[in-house]
Amino acid sequence: MPQARALENIRVVDFSWVRAGPWATRWLGAFGAEIIKIEWPESERGRLPSSTTPQHLEVNLNTSGNFADTNVNKKSLSLNVRSAKGLEIVKRLIAISDIVIENFSSRVLQNWGLGYDELCRIKPDIVYVSMSGYGHTGRNHAYTTFGPVAQAVSGLTHLSGLPNEPPAGWGWSYMDDTGGLYGAMCALTGLYHRNMTGRGQHIDQAQMISSVPLTGPALLDFTVNGRGSKRPGFPPGNRAHWPGTPLMSNYRGPTVAPHNAYRTHPGGYNDWCVIVCHSDEEWQRLVGVMGMPAWAEVEKFGTVIGRLEHQAELDAHIEAWTMTLGKYELTEHCQAAGVRALPVQSAEDRVEHDPQLRDRGMYQPMEHPVLGTNKVQNAPFKLSETPAVNQLPSPLIGQHTQEIIEGLLGYSHAELRAGFDDGTFWPAKRPRFPYLEDMVR
Amino acid sequence: MSGPLAGLRVLELADEKGQFCGKLLGDLGADVVKIEPPGGERCRQVGPFLNDIPHPDRSLSFWYYNTSKRSVTLNLETADGRALFQRLAATADVVLETFPPGFLASLGLDQAELRAANPGLIVCSLTPFGQTGPWRDYLSSDLLHMAAGGEMASCGYDEADVPNAPPIAPGGGNAWHTGCHYACMAIMAALVYRTMSGTGQFIDASVHEACALTTESAIANYVYRGEVLRRQTGRHHAISPTNRTQFRAKDGVYVTALISGGLNVRNVRNLAELMDHYGMAGDLLDPKYQDPAVVAASGKHVIDELLAAFIASLPAEEVYHVGQARGFTWGAVRVPEALLDDGHLHDRGFWQQVEHPELGRTYVYPGPAAIYNGSPWEISRRAPLVGEHNEAVLCGELGLSRGTLSVLTESGIV
């Protein structure tokens, strides 16, 4: 018996592009919703530019590896929504759909004639999720974001780095990943509410604003205690506290030592591990794992206050020991003794060397018509009744145009061909991929 | 109007790993009952504290992550505590728990049995590594997850900025946030499924897997091209060095100034006009910059010299706003508290006044990630005091007499 899907029979009209929106609909697709991604090759952003096309393939609309991982579980409809005919078609699609989701700038859908009021006229209980940079209201609604800018403006970037150095920030668009999760959560809560009450709504999610609640304790330290986060020793890097500065919370958890990253053997770029002791007992276990070295038995290291006070010396001793072991070996020794330690893992480490991710099936091979068989990232949760398992590889651009136009919307084959001729389904002068040629036969 | 999850009952047995997930559900209208051990959950011991005076009811971290919840204290390691929990679970839609794998089962509170007694119940176990696998019983922390999840491998400094810098774990507890975002998403999908099927289910969610999924293209770069990315100051990891994007403004605050799509003739002219307004265009108005080849060869000069000097001549907020007004996707690298002066957030009614009646005070809290026009997000109450709702829930809802409640409290069960 095929497994049930949590979002069986839910259809999503997905205008999203680049990363944050597509990351949202990836998950709705994993839960079993039918995701119809509306794309147009002339204004596509997500497939191109591509820095993740395999070296042996030509860079084109269908060869981005990152697009392929971000867009599993979707169908692609190539459609010029900026034409009258294209707009009419997309309205027919919305009329038989449950969710409309997009991550354009704040006025784009409205300017196309697809603002929330119009969406309601087409489908009265539609759940409309907009995922713009700054939201659809407010004086700066027209501002644009990328992940790094949303992270900077919201305060997230400031929380990352070493004291007295520039912010290290985030080495990727954390708020494209996380903004995508909020987009998915908004869609799901809106859908739940619709199923319970029969009413749809517009949910106005904003990337920059979604970042702000992720700095909650730092904000409360200011609004309640008046303490700002521009102060000596903050942010304290990987430590819970920077030596020589006043003891105070760093908003990550308990203020303890050791709490740091240490180099491991053989000293390569990602040969690091982290070790944290939350209590004196955990520290004594670490001393045991290290073989009870004489330096560690000194009284000043026996208490959390002593270890915080002599943290620089403590960290130097610990690193002299970690340098003698590989990061996985060190992790096993520590964890076997009840000491908190894990390796710093690169992408290669996660895919190839992480025994836990392997055991849990985090990266499962999937066949893609152009890219071949590659590992695709799975869901970080296992649902007992409705597994969120990847079903469809990422679509080629326009791959499902015929299926949707003829099969779902009931247009004739002649109408499909006419739409290819008049530039509704593909720019009239742009060369077509072979699978598109097959469609218009 | 009430929130989209009005009418839902969530029992939360969660520490730092899951408390944010309960807040996400509670602020959207669910009745989240936090089940704590007598004396309070240990996250109440995490600072900062109100006026730096530690107390289970004064942790600002706890305040933040536990809005819109009620608190009931129950000792699950006693038969009476378990029986009360089972009665509550029979009234619940969701149980969210973060105990080590197997702990609830060892108490006779296995998820399968809870669900057998309440077939619509969704039980979500959010644990560091999930319910299975060789690392299942490993200990963790936010820093540990940022290491193994791959966040640290992507964050750090250019060698020129900080020689020999370690990989950096961004602060703020984002490993827990990430685990909670995914867990919340899975719970919501299960709830939608239940509206159609009437059936609950068990969710085995892993913080490690959630973090391992949250480094954007890093996995794709490896899977499709075999590349391992390098860390750079304040900008994307990359296979080879890319232009700086973070510049120090006149007031010492940094600005993130990306040039979308890279430098081209059009955006160099746009940049020249913006900078010329301040007399800072340098040679950018020279007609040679109408030649794409010249632009392509001038990246270091335009960005590291002219753009950096322009930004150094103005306060960061001004650079941010004049840049955005010209269509540049730029932003000031603000401290969190600077957001309290952000006019846009005020326009959107972002900040929330949350009353703490026992203190006679109202404090400002951050608001919602999104505005729901048909079912508003709302902080319904400040974080509960330890056991604040024992009487309301155990007597008012389960029908215990106050005498019984007193006896159970004296015995360390409540």
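What is the calculated FRET efficiency for A:Ala418 to A:His353, with r their C-beta to C-beta distance and R₀ = 60 Å, to the nearest 0.05? Kindly include the intermediate steps, with their values, before the conclusion.
Values: r = 54 Å, r/R0 = 0.90.
It comes to 0.65.
For a 30 Å ceiling on Cα separation, which of these pairs sit above it: B:Lys250/B:Lys300; A:Lys75/A:Lys123; A:Lys230/A:Lys382; A:Lys327/B:Lys23; A:Lys91/A:Lys429; A:Lys327/A:Lys382?
A:Lys230/A:Lys382; A:Lys327/B:Lys23
Per DSSP helix of 4 or more residues, -39500 (n - 2.57); summed, then divided by the residues of chain A. What does that give at 222 nm, rounded to the nearest 500?
Calculated from helices alone, the mean residue ellipticity at 222 nm is -9500 deg cm²/dmol.
Quick one: if you stick a label point 7 Å off each Cα along the C-beta vector at B:Asp15 and A:His265, how many nm between them?
About 3.2 nm separates the two model spin labels.
Please list the non-local residues whose amide H lies under 5 Å from the amide H of B:Glu36, H modeled 1.01 Å from N, same-chain partners needing a gap of 5 or more.
B:Val72, B:Thr73, B:Leu74
Can you give me the C-alpha center-to-center distance between the stretch A:1-49 and the stretch A:260-308, rounded to a whole angstrom?
Each part reduced to its Cα centre gives a spacing of 46 Å.
Within a Cβ distance under 14 Å of B:Lys23, other residues only, what is the Lys/Arg minus Asp/Glu net charge?
For residues surrounding B:Lys23, the net value is -1.
Read phi for every residue in the stretch B:273-280 and hand back ³J(HN,Hα) as whole Hz from Karplus 6.51 cos²θ - 1.76 cosθ + 1.60, θ = phi - 60°, with x for Gly and Pro.
Result, ordered by residue: 5, 4, 6, 5, 4, 9, x, 10 Hz.
May I ask you to compute the full-extension gain from B:Asp341 to B:Ser106, defined as 0.36 nm times their residue separation minus their alpha-carbon distance, rounded to one decimal in nm?
Result: 79.5 nm gained on full extension.
Subtract the Cα-Cα distance of B:Ala293 and B:Arg248 from 0.36 nm times their separation in residues, and report this length gain in nm to one decimal.
Gain on stretching B:Ala293 to B:Arg248: 13.3 nm.
Please report the net charge: other residues with Cβ closer than 12 Å to the Cβ of B:Gly343, K and R +1, D and E -1.
-2
Residues with beta-carbon under 15 Å from that of B:Arg248, excluding B:Arg248: net charge, scoring Lys, Arg +1 and Asp, Glu -1?
Computed value for this residue: -3.
With r as the distance between the Cβ atoms of B:Glu355 and B:His321 and R0 = 25 Å, compute the FRET efficiency 1/(1 + (r/R0)^6) and round to 0.05. Can you show the working numbers first?
Details: r = 34 Å, r/R0 = 1.36.
For B:His321 and B:Glu355, the calculated efficiency is 0.15.
If I model a spin label at B:Thr362 and A:Asp117 as a point 7 Å from the Cα along the Cα→Cβ vector, what separation in nanometres do I get?
It works out to 3.3 nm between the two label points.
Output the peptides B:355-365, B:115-125, B:261-271, B:166-176 sorted from most to least packed, where packing is the average of other Cβ atoms within 10 Å over each peptide's residues. Let's see the in-between values first.
Details: B:355-365: 13.5, B:115-125: 20.1, B:261-271: 15.9, B:166-176: 27.3.
Order by mean packing, descending: B:166-176, B:115-125, B:261-271, B:355-365.
Quick one: among A:Val224, A:Val13, A:Val100, which has the greatest mean-square fluctuation in a GNM of chain A with alpha-carbon springs under 10 angstrom?
Among A:Val224, A:Val13, A:Val100, the largest GNM mean-square fluctuation belongs to A:Val224.
Take every Cα pair under 8 Å in the stretch B:242-333 that's 6+ residues apart, average their separations, divide by the length, and report that relative contact order as a whole percent.
Averaging sequence separation for qualifying contacts and normalising by length gives 43 percent for the stretch B:242-333.
When ranked by the protection proxy of mean other Cβ atoms within 10 Å per residue, highest first, what sequence do the peptides A:155-161, B:287-293, B:339-345 form?
Highest to lowest by the protection proxy: A:155-161, B:339-345, B:287-293.
Over the Cα atoms of the protein assembly as shown, what radius of gyration and what Dmax do you get, in Å?
Rg, Dmax (Cα atoms, Å): 26.7, 88.
Across the stretch A:347-362, in residue order, what do the Karplus-derived ³J(HN,Hα) couplings come to in whole Hz, using 6.51 cos²θ - 1.76 cosθ + 1.60 with θ = phi - 60° and x for Gly and Pro?
4, 4, 4, 5, 6, 9, 10, 7, x, 6, 5, 5, 4, 8, x, 5
Residue by residue through the stretch A:68-74, which ³J(HN,Hα) values in whole Hz follow from phi under the Karplus form 6.51 cos²θ - 1.76 cosθ + 1.60 (θ = phi - 60°), with glycine and proline marked x?
Computed from phi, the couplings for the stretch A:68-74 are 4, 6, 7, 10, 5, 6, 10 Hz.
Which one of A:Ala388, A:Ala347, A:Ala206 has the biggest mean-square fluctuation once chain A is modelled by GNM with Cα springs under 10 Å?
A:Ala347
Between B:Ser2 and B:Ala90, what's the calculated FRET efficiency when r is the beta-carbon distance and R0 is 25 Å? Round to 0.05.
0.55
Please list, in chain and number order, the residues 5+ apart from A:Ala206 or on another chain whose amide H is under 5 Å from its amide H, with Hs placed from the backbone.
none
Counting only other chains, what is the mean number of Cβ atoms within 10 angstrom of the Cβ of each residue in peptide A:62-69? Please report the intermediate quantities before stating the final value.
Numbers: counts 0, 1, 3, 8, 8, 2, 3, 7.
Taking all residues of A:62-69 together, the mean is 4.
Would you grab the residues whose amide H sits under 5 Å from the one on A:Glu39? Only those 5+ places off in sequence or on another chain, please, with H modelled 1.01 Å from N.
Result for A:Glu39 returns A:Leu77, A:Ser78, A:Leu79.
Taking each pair of different alpha-carbon atoms in chain A once, compute 1/r for the pair, average those values, and report the inverse of that mean as the Kirkwood hydrodynamic radius in Å to one decimal. If you can, show how the numbers build up before the last one.
Values: mean 1/r = 0.0403 Å⁻¹.
For chain A, inverting the mean 1/r across all distinct Cα pairs yields 24.8 Å.
Using a simple charge model, +1 on the beta-carbon of Lys and Arg, -1 on the beta-carbon of Asp and Glu, nothing else, what dipole does the stretch A:73-128 show about its Cα centre, in debye to the nearest 20? Numbers along the way, then the final one.
Values: 9 positive and 6 negative charges, 51 e Å.
With only Lys, Arg, Asp and Glu charged at Cβ, the dipole is about 240 debye.
Rank-order A:197-205, A:164-172 by packing density, defined as the average count of other C-beta atoms within 10 Å over each peptide's residues, highest first.
With the highest mean Cβ count within 10 Å placed first, the list reads A:164-172, A:197-205.
How far apart, in nanometres, would the label points at A:Glu165 and B:Cys395 be if each is projected 7 angstrom from Cα along the Cα-to-Cβ direction?
That separation, rounded to one decimal, is 5.7 nm.
For the stretch A:71-119, which trypsin sites (Lys or Arg not before Pro) are both in a DSSP coil and crowded by at most 16 other Cβ atoms within 10 Å?
Sparse-neighbourhood loop trypsin sites (Lys or Arg not before Pro): A:Arg82, A:Arg107.
Among B:Gly150, B:Gly102, B:Gly252, which one shows the biggest mean-square fluctuation in a GNM of chain B, springs joining Cα atoms closer than 10 Å?
B:Gly252
Just so you know, all these numbers are worked out from the coordinates, no wet-lab data involved. Bear in mind the structure is a predicted one, so any value in this text is a computation, not a measurement. So basically every Cβ, Gly included, is an ideal-geometry build from the backbone, and we count neighbours across all protein chains shown.
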